[in-house]
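Here's the structure we're looking at; comments come further down.
The values are calculated or read from the model by the stated rules, or taken from the named source; none is laboratory data. In this text the structure is predicted, and so the values were computed from the model without any measurement. Every residue, glycine among them, receives a Cβ derived from its backbone with ideal geometry; neighbour counts consider all protein chains shown. Keep in mind that these areas ignore ligands, DNA and RNA; they rest on the heavy atoms of the full protein, side chains included. Shrake-Rupley method; radii C 1.70, N 1.55, O 1.52, S 1.80 Å.
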Amino acid sequence: MAGEGGLLRLLYFMYYGSSAAWFPFFNVYLQQIGLSGLQIGALAGLRPAVTVVSQPLWGVVADLWGRRRTLLLTALLGAVAVLGFSWRGGFWFFAGWSVVYAFLSNPTGPLIDSLALDYLEREQDLSYGHLRMWGAIGWAVLAYVAGRAISGRDIRLIFVFGAVAMLAGWALALRTSRPTGEFAGALGRNWRDLGPLLRNRRLLVFLALVTLNQVGASAVFGFFSIYMNDLGASSRLIGLAYGIQGMSELPVYLIAAAILGRIGPARTLVLAFLLMAIRPLLYSFISQPVPAVALELLHGTFSLFLVASVEYVNRLVPRAWRATGQALFWAAHMGAGAILGNLLSGFLYDQLGIQGMYRVCGLLILVVALAAWLALRRDGAPAKEQVPASSP
């Protein structure tokens with residue numbers, strides 16, 4: 001089991017490292033080839049638009065066909081697809097390729113989470129945060145390495161870094177053990193079990209809150225590199241900022257289990273929403289790159305949100321539909337919320353400038369935090385929802 005845990009740690013490292021190698025610099029790349037802020041926002045919205053549909057579909061496929069088997073397929077296809085962005089096409093090429101990439105690669109994250117949660121049921125001396133923190137390490141390391149590597153070189157090297165890291169993740173997933181029993185997937189599983197899950201009121205309220213939060217938070221993730229570029233930061237400084245983001249997550253992952261155990265996932269979510277509002281509000285007043293880099297120490301608040309969300313969903317969803325539950329979370333967070341958020345961010349950027357955009361988005365997250373407190377204040381530490389699950 002120690003070997004399996006080590007493979008999962010490295011898998012998180014490579015998967016999030018792959019994203020960090022190219023995604024932080026992608027909007028700068030699009031800006032360099034002449035796309036407008038609204039076009040960049042529209043492209044950023046296309047990927048999550050596909051996620052809304054593809055994530056639940058891939059989640060059901062994984063629960064029926066096998067989580068590990070589905071992970072191997074999506075990781076391999078994602079590694080190939082990321083290279084396509086290196087072709088210098090126009091807006092419509094990137095629009096089409098973003099759809100292809102999102103459909104093929106987006107399920108990889110929740111599938112890794114599902115395998116990790118399966119493993120943690122067998123090895124309860126660890127927490128999700130202790131495994132997931134290696135994704136933050138991978139993000140920090142490869143964002144910094146990629147930022148230094150592209151300095152003075154063709155920025156399209158980021159896509160090569162991303163593809164190589166994802167292929168390494170695929171090779172690691174290939175070495176994980178084959179699940180047995182209910183974790184292996186079963187084509188004969190009773191589809192009627194899915195209905196009560198999709199009608200679960202608490203789950204639906206949670207998904208709505210996550211969506212609204214991401215509408216405000218999308219500007220933090222999607223436009224930060226443009227923000228730094230507008231402040232006059234070099235590519236090395238931008239890479240350093242993303243490296244600090246990853247490192248700031250580490251202590252949060254280590255203490256997240258203690259916070260969850262003390263106040264429960266629901267109240268932890270409210271706390272995370274409040275903390276997440278601080279960063280964009282401060283961005284709206286900072287006009288120098290170095291203070292902006294230092295502010296990335298607050299990025300760990302996102303980690304608290306992520307751990308609380310994964311745990312909240314895990315307590316509501318039966319084990320047989322675990323991948324589906326996590327996919328629904330990703331569809332709301334990185335799908336519906338990101339669609340609206342990126343479009344709103346692009347519009348606000350064109351109309352108000354980068355700092356005005358961040359001020360509006362920060363205030364929006366504060367409103368979501370209040371709504372979450374009103375909706376979840378009585379939902380301290382929910383037990384697993386009693387949704388029936390058939391034996392595979």
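Sort out which residues of the stretch 112-129 are more than 18 Å from the chain's Cα centre (by Cα) and crowded, with 17+ Cβ neighbours inside 10 Å, and write them in order of number.
Across the stretch 112-129, the qualifying residues are ASP118, TYR119, LEU120, SER127.
With the requirement that a residue be under 22 Å from LEU126 (Cβ atoms), open to solvent by 10 Å² or more (accessible area, probe 1.4 Å) and modelled with pLDDT of 90 or more, what does the stretch 256-303 give you?
ILE259
Is there a residue in the stretch 315-334 that is without any contact (Cβ under 8 Å) to a residue 40 or more places away in the chain, small (Gly, Ala, Ser), touching a Phe, Trp or Tyr at 6+ places or on another chain (Cβ under 7 Å) and over 16 Å from ILE226 (Cβ atoms)?
No, the conditions are met nowhere in the stretch 315-334.
Listed here are the residues, each with its yes/no results for (1) open to solvent by less than 10 Å² (accessible area, probe 1.4 Å); (2) of a type in the set (A, V, I, L, M).
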position	(1), (2)
LEU35	no, yes
GLN39	no, no
ARG47	no, no
ALA79	yes, yes
GLY89	no, no
VAL99	no, yes
PRO110	yes, no
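I'd like the residue in the stretch 4-48 that is polar (S, T, N, Q) and in a helix (DSSP H, G or I) and, out of all such residues, is farthest from the chain's Cα centre (by Cα).
The residue in question is GLN32.
Would you pick out the residues in the stretch 305-359 that are hydroxyl-bearing (Ser, Thr, Tyr) and over 15 Å from the mean Cα position of the chain (by Cα)?
Within the stretch 305-359, TYR312, THR324, SER345, TYR349, TYR358 meet the criteria.
Can you name every residue in the stretch 304-318 that is farther than 22 Å from ARG47 by Cβ, in contact with a Lys or Arg (Cβ under 8 Å, 6 or more places away or on another chain) and part of a helix (DSSP H, G or I)?
Residues satisfying the conditions are VAL307, ASN314, ARG315, LEU316.
May I ask you to say which residue of THR74, THR51 is assigned to a helix (DSSP H, G or I), touching a Gly at 6+ places or on another chain (Cβ under 7 Å) and under 12 Å from THR108 (Cβ atoms)?
When all the criteria are applied, what remains is THR51.
If you take the residues of the stretch 149-174 that are more than 16 Å from LEU83 (Cα to Cα) and free of Cβ contacts under 8 Å to residues at least 24 places away in the same chain, which of them is most open to solvent (accessible area, probe 1.4 Å)?
ARG153
Among TRP321, TRP330, which is the only one that is assigned to a helix (DSSP H, G or I) and within 15 Å of LEU117 (Cα to Cα)?
Residue meeting the stated conditions: TRP321.
Please go through (1) more than 17 Å from the chain's Cα centre (by Cα); (2) in contact (Cβ under 8 Å) with a residue 60 or more places away in the chain for ALA258 and return the number of the only condition it doesn't satisfy.
Among (1) more than 17 Å from the chain's Cα centre (by Cα); (2) in contact (Cβ under 8 Å) with a residue 60 or more places away in the chain, the lone unmet condition for ALA258 is (2).
Restricting attention to helices (runs of 4 or more DSSP H) lying wholly within the stretch 194-240, give those where 2 or more residues are under 24 Å from GLN355 (Cα atoms) and open to solvent by 40 Å² or more (accessible area, probe 1.4 Å).
201-222, 224-230
Output the number of the condition that ILE40 fails; it satisfies all remaining conditions of (1) at pLDDT 90 or above; (2) in contact with a Leu (Cβ under 6 Å, 6 or more places away or on another chain); (3) β-branched (Val, Ile, Thr).
The one condition ILE40 does not meet is (1).
Give the residues of the stretch 5-18 that are open to solvent by less than 50 Å² (accessible area, probe 1.4 Å), in contact (Cβ under 8 Å) with a residue 40 or more places away in the chain and out of contact with any Gly (no Cβ under 7 Å at 6 or more places or on another chain), sorted by residue number.
GLY5, LEU7, LEU8
Checking ARG67 against (1) of a type in the set (D, E, K, R); (2) open to solvent by 20 Å² or more (accessible area, probe 1.4 Å); (3) in contact with a Gly (Cβ under 9 Å, 6 or more places away or on another chain), only one condition comes out false. Which one?
The failed condition is (2).
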